[in-house]
Protein chains: 2
Amino acid sequence: MAKAHNFFAGPAVLPKPVLEAAAKAVTNYKDLGMGVVEISHRSKDFVEIHDQAVADMKELMGLGDDHHVLFLSGGASTQFALVPMNFLHNSADFIDTGRWSIKAIDEAQMFGNVNVPFSGKDNGYSAFPTKFEFDEDADYVHVTSNNTVAGTQMKVFPETNAPLVCDMSSDMLSRELNFSDFGFIYAGAQKNMGPAGVTVVIIRNDLLEKQKSGLPTMMRYSTHVKKASAYNTPPVYGVFMVGQVLKWIKDQGGVKAVEKVNEEKAGMLYDVLDKYELFKPHAHKDVRSTMNVTWRMSTEELESEFLALASEHNMYGLKGHRSVGGLRASIYNACPVESVKALCELLEDFGSKNS
Amino acid sequence: MAKAHNFFAGPAVLPKPVLEAAAKAVTNYKDLGMGVVEISHRSKDFVEIHDQAVADMKELMGLGDDHHVLFLSGGASTQFALVPMNFLHNSADFIDTGRWSIKAIDEAQMFGNVNVPFSGKDNGYSAFPTKFEFDEDADYVHVTSNNTVAGTQMKVFPETNAPLVCDMSSDMLSRELNFSDFGFIYAGAQKNMGPAGVTVVIIRNDLLEKQKSGLPTMMRYSTHVKKASAYNTPPVYGVFMVGQVLKWIKDQGGVKAVEKVNEEKAGMLYDVLDKYELFKPHAHKDVRSTMNVTWRMSTEELESEFLALASEHNMYGLKGHRSVGGLRASIYNACPVESVKALCELLEDFGSKNS
């Protein structure tokens, strides 16, 4: 069976060497006669897997001792609530760039005042500025780095006095950033970093020190920092796979090398989308995502026709998010250039035939 | 490489056919040209996996429409807090049978009054009665069905007016019970049901209706009931593996058949432990666990000597929990009879030599 062209928004395509290592490890890890799913989280073998993943993550992100890397679970949706539970003492600023920002705002409002210096609602979340007016007294500023639904990406992060908190679920490790500038980063692993079931959290000491008291044990970040993500049983197999993805990124030449390929892939796609009137890319050029490319066609019939055609060509996951319709190609780190080329050819063909 | 004898307390040994199916599915699921880790949680392929797992779980447990089966994450430790957040309006009764009960009590105390009709603290958690005096007005009664650390197991569950809530992490699906008698059951999957990273929750409608208001979205059980565990991205691969384990249990002849083997395995072990003065089984005979067999030896030196010997015989995970010391053999559903036999032979040999 040929590898399918996988454009799912997440869970999404993973690198072939990662899947091969995972398949091998699941039945017999390191010739222990046990699979990596069968070993204790207190065993030296798992501690090694965990520590290596933390070290590789820090290396790839250029983080020092001030930052802690946690492997939790519950997805970014759980973080929408945990961040304000831990750090929202009075008020926080949220930049609203779409669906995931709104969800983060909704949860935060249960715990304190939320100011929204900017919302993209009026422009259908197709654009946003680079500068915002923040509240002087905000406990933190929250941004979503990439919006999978609208296909937008924050290219320049705001300078803030308050710690910058970022939902980086859909573009973490896809491009070089000054990661140490962030007070808090969270991301579901299932787009660029591994399987669903692992949530990566990066937390800086200055924010950790401001954690509110009286929280349940599992809902305090300090619990997980103190116990290196093993206060209770972590998702062992998921952490193993994230570790394999990090190794793969290093093998590609690191984040900078991966970013270059991501720009090439996205560039190819936007080029063909810009070429034909038939295609209507959703995001403003300034904020086009290199991870999720979203567009409409001139009619819904043509959209359906293209989706059926793509399916015949072994292409999966091109339907736009149910909340907006249209089409979307998610082209994360692990999406092969060949898949993007195949999609571009199909679009080119479809564009020229229907123009 | 020979299969090791895996006595880890969890993550623990999984059935060989499950690991083989998992290894195959991780690179190419159902000849889709995509691994099961790479498919969307909204795809029909995952919805099928999920729905089948729910149906099989209900069939194995004899549950009807009154009960909902959820696949969440965060482990039982997260449930220690979520249960009282959702259902502790005024007060609840907790039977304290050891380490995990205490943790559940500690979290519940943040949300309301906790009564403890019985604590095994004074007998070192080696025994407990079958009848308790409950508070008439309790919102619920909480019990731990099996204590992995002490090696005790609740053989008879108390009759209660209030809904019975049970942490069944370490013996779920290991024996026949009237599962529908429980208002709420929770269990980390990594002992009898799959890999770490999936938490199984069974919730009955009458309790669900009493859910407190004002909770964050991800912390409400109703969210997950309404969305069939897919409000956000569930741990796709973990749910797939749990599904494979359920299929395996059905292939064994169901819970009753698995229980018979579990009793045989535990019987063999307790027989040899009772045979020699050298061995001091921890649990009172009435409450001996069929899942976690715990014992001391007459000296710590002999314990270390035996652990070294077991390691030479390719046996893993026999060291007692760090909080109590001694030895422990975790012999969950998937632990092969051959592994228990091998351990019994080694104990027999060690017992006769050192008596």
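The values are calculated or read from the model by the stated rules, or taken from the named source; none is laboratory data. Bear in mind that the values here come from a model prediction, so they are computed numbers and not experimental data. Note that each Cβ is placed from the backbone with ideal geometry, even for glycine, and that neighbours are counted across all protein chains shown. Protein only, heavy atoms only, side chains kept; ligands, DNA and RNA dropped before computing areas. Shrake-Rupley method; radii C 1.70, N 1.55, O 1.52, S 1.80 Å.
Restricting to segment B:131-147, what's the tally of residues that are touching a His at 6+ places or on another chain (Cβ under 9 Å) and open to solvent by less than 10 Å² (accessible area, probe 1.4 Å)?
0
Only one of (1) in a loop (DSSP other than H, G, I, E, B); (2) closer than 30 Å to residue B:319 by Cα is not met by residue B:143, so which one is it?
For residue B:143, the failing item is (1).
Condition check ((1) within 7 Å of chain B (Cβ to nearest Cβ); (2) within 15 Å of residue A:241 (Cα to Cα); (3) without any contact (Cβ under 8 Å) to a residue 12 or more places away in the chain; (4) acidic (Asp, Glu)) across all residues:
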position	(1), (2), (3), (4)
A:4	yes, no, no, no
A:14	yes, yes, no, no
A:19	yes, yes, yes, no
A:32	yes, no, no, no
A:39	yes, yes, no, no
A:50	no, yes, no, no
A:60	no, no, no, no
A:65	no, no, yes, yes
A:78	yes, no, no, no
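Show the residue pairs that are 6+ apart or on different chains and have beta-carbon atoms under 8 Å apart, the first residue being within segment A:262-279 and of a type in the set (A, V, I, L, M), the second being in a loop (DSSP other than H, G, I, E, B).
Once the first residue is of a type in the set (A, V, I, L, M) and sits in segment A:262-279, its partners that are in a loop (DSSP other than H, G, I, E, B) give A:266/A:289; A:266/A:290; A:266/A:291; A:266/A:331; A:269/A:331; A:278/A:298; A:278/A:354; A:278/A:355.
Could you grab me the full set of residues in segment A:148-187 that are closer than 15 Å to residue A:13 by Cβ, of a type in the set (Gly, Ala, Ser) and within 14 Å of chain B (Cβ to nearest Cβ)?
A:170 - this is the single residue of segment A:148-187 that is closer than 15 Å to residue A:13 by Cβ, of a type in the set (Gly, Ala, Ser) and within 14 Å of chain B (Cβ to nearest Cβ).
Which of the residues belonging to segment B:26-45 are surrounded by fewer than 22 Cβ atoms within 10 Å (Cβ to Cβ), in contact with a Phe, Trp or Tyr (Cβ under 8 Å, 6 or more places away or on another chain) and assigned to a helix (DSSP H, G or I)?
B:45
Could you grab me the full set of residues in segment B:138-177 that are acidic (Asp, Glu) and touching a residue at least 60 places away in the same chain (Cβ under 8 Å)?
Hits for segment B:138-177 are B:139, B:167, B:171, B:176.
Select from segment A:192-226 the residues that are of a type in the set (Lys, Arg) and away from chain B (no Cβ under 11 Å) and list them in ascending order.
Hits for segment A:192-226 are A:204, A:210, A:212, A:226.
Between a first residue in segment A:99-116 that is more than 10 Å from chain B (Cβ to nearest Cβ) and a second residue that is among the aliphatic types (A, V, I, L, M) and assigned to a loop (DSSP other than H, G, I, E, B), which pairs have beta carbons less than 6 Å apart while being 6 or more apart in sequence or on different chains?
A:99/A:149; A:112/A:88
In segment A:1-57, which residues are within 18 Å of the chain's Cα centre (by Cα) and among the acidic types (Asp, Glu)?
Selection gives A:56 alone.
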